[in-house]
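Comments concern the structure below.
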Amino acid sequence: MSDLAALTGRHELATARDTEAFGRNLGERLSAGDLLVLTGPLGAGKTTLTRGLAAGLGVRGPIQSPTFVIARTHPSLVDGPPLVHVDAYRLGSAAELDDLDLDLPGSVVVVEWGRGMVEAIVDEWWELELIRPVGGAPAPDAELDDDAPRVAELTHHHL
Ligand SMILES: Nc1ncnc2c1ncn2[C@@H]1O[C@H](COP(=O)(O)OP(=O)(O)OP(=O)(O)O)[C@@H](O)[C@H]1O
Ligand SMILES: [Mg+2]
């Protein structure tokens with residue numbers, strides 16, 4: 001099990017910068033063969049967190065929501081493993097995730113919307129759930145970009 005165990009549990013992320021910094025912390029601890037599922041509603045901060053994670057890992061950007069690309073590989077700038085950033089939102093089934101033939105042992109893999117799917121390709125993984133605290137609904141005129149607190153909870157799963 002990787003170095004991530006130290007970060008298991010809940011983390012309060014008051015601003016988008018905090019989410020990015022937490023991602024950086026995760027990225028510094030991930031190694032080849034690790035897979036992280038990001039769970040949370042639209043706009044929860046999954047891609048924002050992945051941006052920090054990429055910086056911590058030392059891979060080439062930019063990190064974008066892979067809207068038309070299901071999996072994008074970001075090569076390392078520091079002689080480490082690449083980051084494979086997957087958006088499973090549009091995948092119809094776990095079998096389609098398997099069909100991507102990802103280099104799991106040689107990469108760090110982050111799967112947005114991967115809950116219920118990654119079981120098809122790994123028997124051990126990490127999951128980070130991003131939650132907007134109850135009662136923290138934004139005002140109707142609030143911009144999505146406005147900083148609003150999130151809670152992140154990191155858990156480890158194995159079959
Ligand atoms: N505490 C916070 N953490 C993360 N993002 C925040 C926070 N507060 C505000 N934001 C804003 O919320 C938005 C999150 O967008 P992001 O693309 O990261 O979400 P996502 O979960 O990847 O969405 P999607 O499901 O569409 O892929 C950004 O505009 C970000 O600036
Ligand atoms: Mg996203």
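Points to keep in mind about this one:
- The stretch 73-90, residues that are surrounded by fewer than 20 Cβ atoms within 10 Å (Cβ to Cβ) and at pLDDT below 95: Tyr89, Arg90
- Qualifying residue in the stretch 3-11 (condition: among the charged types (D, E, K, R), surrounded by 12 or more Cβ atoms within 10 Å (Cβ to Cβ) and either at pLDDT 95 or above or in contact with a strand residue (DSSP E or B) (Cβ under 8 Å, 6 or more places away or on another chain) (or both)): no
- Strands (runs of 3 or more DSSP E) enclosed by the stretch 16-95 - at least 1 residues per element that are among the basic types (Lys, Arg) and without any contact (Cβ under 8 Å) to a residue 40 or more places away in the chain: 71-74
- When Asn25 is tested against the conditions (1) touching a Pro at 6+ places or on another chain (Cβ under 8 Å); (2) open to solvent by 20 Å² or more (accessible area, probe 1.4 Å), the lone failure is (1).
- For the stretch 35-70, the candidate set comprises residues that are more than 13 Å from ligand 1 (Cβ to nearest atom), farther than 18 Å from His11 by Cβ and modelled with pLDDT of 95 or more; within that set, the residue that is most open to solvent (accessible area, probe 1.4 Å) is Arg60.
The values are calculated or read from the model by the stated rules, or taken from the named source; none is laboratory data. Here the structure is a predicted model, which means the values were calculated and not measured. Heads up, the Cβs are rebuilt from the backbone with ideal geometry, glycines too, and the neighbour counts pull from every protein chain shown. Only protein heavy atoms, including side chains, enter the accessible area calculation; ligands, DNA and RNA are left aside. Shrake-Rupley method; radii C 1.70, N 1.55, O 1.52, S 1.80 Å.
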